[in-house]
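Here is the structure we will look at, set down as structure tokens.
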Amino acid sequence: MIQDMMIDEIQELKLAGYTVRETYDELKARHKKVPTLKTVRKYYKMDCAPEDNHSKVRKQMAFDVEPFKSAIVEIVERNPGCYMSSVYDVLVERFVGQDGLDALPGNEQTLRNYIRHLRESGQIDEKAEPRRRYDVVDVPPPGEKAQVDFGQWDCGGGLVVHFACVLLWHSRLLGVFAQDHRFNAEEACRALHRFSCKCGGRVKTLVIDQDSVFVSEEVYGEVFETETFKAFLEEQEMTLWVCNKADPESKGCVENSVKFVKSSYFSARSFGCIDEVLRTLPAWVERKNRRIHQGTYQVPQSVFEQVEKPALRPLLPSLYEAAPTFLVPAPVNGQPYVLHRAVKYSVPWEMCYTTAYKRVIGPKLHIYDDRRRHVCTHDICGVKGSFVRLDEHRRQPASDWLDTAERMRVRWNCTDFQHFINGFKKENPDRHLGKQLAAVERYLDEKRPERAFVADVMAACCRDFRYRYTQFKAVYDMMEARRVIKSI
């Protein structure tokens, strides 16, 4: 059956002055399948194309009868995105089994063709879906912004590679850092600093998504960074730009980079361990940075070297360097502190009699242990002779009484036991509490009384507020004497 578009084409060639034979030859040159010369002559001799060329041969559509037509129009108009198989199922539910109807007049493909006909003929009123419109974002000046986003790829065999993409917005220079577990805030900051070191400078603004690694909360546009990331921004003197959700204007470049890493690097490679990724990924990134970028039609590495690198700000030392340098040894003696410019700064107690290392970055003093691992950070104090101590470095009260209390609970537990222990905690200083309870425990071990008698003694102590060892011993001896007298 000749298509309507072919008939219109024959009429156009006729109006252009083509003969029948020339029209036929032209159709053969344009299309693989053309009607016969006789058919071409038939439509060539018509004054105009017929309004309905297929009216004489068109079959009656199976669902183009009531009540099916009205039901189909109603279903599709009410549910514009529905599947045809679901429409067919609704028709079966409504009509099969009623009025002696054993089956619908057509199958699912017949229904699909009929709905297509209704839509093309305008018999189904479909509202146009709203489409998002957004403006083209101007490329920021060189050295201004870098975008950051995360992705992951399942390599099979239990290996899931998590990677971070950092993209210089102006030059499109890409950096990718991978590992075998999700990035936390410290690892993400370390990756950002590594990228800055690779570029030889710092950008002014980081453009990020609302990742929990960087942002803990966002309230009506007010962003609360995680503690680690906020310290990194202050250390590197960077500002932050947090993208809105579904915001291709601001984060489309780096999202495309994540897709590019997945399609161009991971899709054609098989990895058995993370070491293979770490060995091959840097070389792949270098190769891609030296090829023409399909969005800018420029080579990112060339644009970076010529334009953006001179605009970057100088590097600053960072707490998140992979291998910190310029660490100054600071020996720790019997007291847990290090000395810096006549000011004492606290360290954990377990660092006594070891060698600590210190490093000043801006207004902060960072302290490392003897294995060059970061331990703590202090605000530098300008008052000589001061002692700056963090709360977590204060000596904790003795906890030996807990072990004594638990041993006593096993042997002498009763209704008033916890009340008795709480009273001892309140009446005795922390440094003497363990000694007091240990004395009570030894006394009971020597006497070997019955559990019921100890329960009565503890109840009497709680009633009369006797919460010291001597008071407990006096109550015990008094009640024991009374019991002896009663037995006589």
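The values are calculated or read from the model by the stated rules, or taken from the named source; none is laboratory data. Since we're looking at a predicted model, the values are computed, not measured. Counting neighbours? That spans all protein chains shown, and the Cβs are built from the backbone with ideal geometry, glycine included. Just the protein is used for accessible areas: all its heavy atoms, side chains included, with ligands, DNA and RNA removed. Shrake-Rupley method; radii C 1.70, N 1.55, O 1.52, S 1.80 Å.
Taking amide H atoms as placed 1.01 Å from N in the peptide plane, the amide H of residue 330 lies under 5 Å from those of 356, 357, 358, each 5 or more residues away in sequence or on another chain.
Per-residue ellipticity at 222 nm computed for the chain from its helices equals -13000 deg cm²/dmol, with DSSP H segments shorter than 4 residues left out and the rest contributing -39,500 (n - 2.57). Counting only alpha carbon atoms, the long axis of helix 430-447 and the longest principal axis of the chain meet at about 70°. Maximal additional length on extending the residue 259-residue 279 stretch stands at 5.1 nm, based on 0.36 nm per residue less the C-alpha distance. Carbon-plus-sulfur accessible fraction, the chain (probe radius 1.4 Å, protein heavy atoms only): 50%. For the chain, what relative contact order do you get, as a whole percent, if you take Cα pairs closer than 8 Å and at least 6 residues apart? Worked out over the chain, it gives 9 percent.
Since only 488, 374, 429 are under comparison, the one whose Cα sits farthest along the positive direction of the charge dipole of the stretch 329-488, derived from C-beta charges on Lys, Arg, Asp and Glu, is 374. Taking every protein chain into account, the accessible area of the chain amounts to 62 square angstrom per residue (probe 1.4 Å).
In terms of distances greater than 23 angstrom between alpha carbons, the cross-link table entries 344/425; 14/42; 204/230; 204/309 yield 344/425. Here the mean projected area of the convex hull built on the C-alpha positions of the chain is 50.0 nm². Using the Karplus relation 6.51 cos²θ - 1.76 cosθ + 1.60 with θ = phi - 60°, the per-residue 3J(HN,Hα) values for the stretch 401-417 come to 5, 5, 4, 5, 5, 5, 5, 5, 5, 4, 8, 10, 4, 7, 4, 9, 5 Hz, with x marking Gly and Pro.
With contacts defined as alpha carbon pairs under 8 Å and 6 or more residues apart, what's the relative contact order of the stretch 120-228 in percent?
Relative CO of the stretch 120-228 lands at 23 percent.
You can think of it this way: the chain between residue 234 and residue 70 has 52.4 nm of extra reach, that is 0.36 nm per residue less the Cα-Cα gap. Applying a threshold of 30 Å to the alpha-carbon distances of 33/259; 33/69; 145/384; 198/262 flags 33/259; 33/69; 145/384 as lying beyond it. Take every pair of alpha-carbon atoms less than 8 Å apart whose residues are at least six positions apart; their mean separation over the length of the stretch 66-146 yields a relative contact order of 28 percent.
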